[in-house]
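Below is one structure, written out as structure tokens, with a few remarks after it.
The values are calculated or read from the model by the stated rules, or taken from the named source; none is laboratory data. Everything numeric in this text was worked out from a predicted model, so none of it was measured. Reconstructed Cβ throughout: ideal geometry from the backbone, glycine too, with neighbour counts over all protein chains shown.
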């Protein structure tokens, strides 16, 4: 029914999934960032030449080039402030390091348009929203190796269809 589903669904996987098989809230945040990029750009997560949307968009995100990112079919028919907010959110969600990605509650605040939070995020590239490294380590310690291995096994079975 969907011949390229596996190829396209891989575009939503966070780097840590490929490198370590880790699946958690931060990998979901990454996938949500890819979805936001699809909405912003009107592009598929992987084009017909197998180029990743994230790879294509990253330089434009780094340069804060909202006009170039925006779906051409929109023309200028969108609210620039709202588009900037969605672009910022997508950029934070697809950070290479999971520690640098926001929590979903923070994503909601950004998308709602809380001006204080949005201004802080723009000035500090979103770092004001992020948890400290020690908070991340504390959470990682809660996620013990037995639970990790069980989850990893389950996700591999799901991915491989076993």
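With respect to residue 83, determine if the residue is over 19 Å from residue 13 (Cβ atoms), surrounded by 11 or more Cβ atoms within 10 Å (Cβ to Cβ) and at pLDDT 60 or above. So residue 83 passes the test. Selection within region 88-103: residues that are more than 10 Å from the chain's Cα centre (by Cα) and surrounded by 14 or more Cβ atoms within 10 Å (Cβ to Cβ). The member of this set that is farthest from residue 13 (Cα to Cα) is 88. Selection of first residues in region 50-78 that are in contact (Cβ under 8 Å) with a residue 60 or more places away in the chain and of second residues that are part of a loop (DSSP other than H, G, I, E, B) and surrounded by 14 or more Cβ atoms within 10 Å (Cβ to Cβ), restricted to Cβ pairs under 8 Å at least 6 apart or on distinct chains, gives an empty result.
Any residue at all in region 68-89 that is out of contact with any strand residue (DSSP E or B) (no Cβ under 8 Å at 6 or more places or on another chain) and under 22 Å from residue 16 (Cα atoms)? Scanning region 68-89, I find at least one residue that is out of contact with any strand residue (DSSP E or B) (no Cβ under 8 Å at 6 or more places or on another chain) and under 22 Å from residue 16 (Cα atoms), so the answer is yes.
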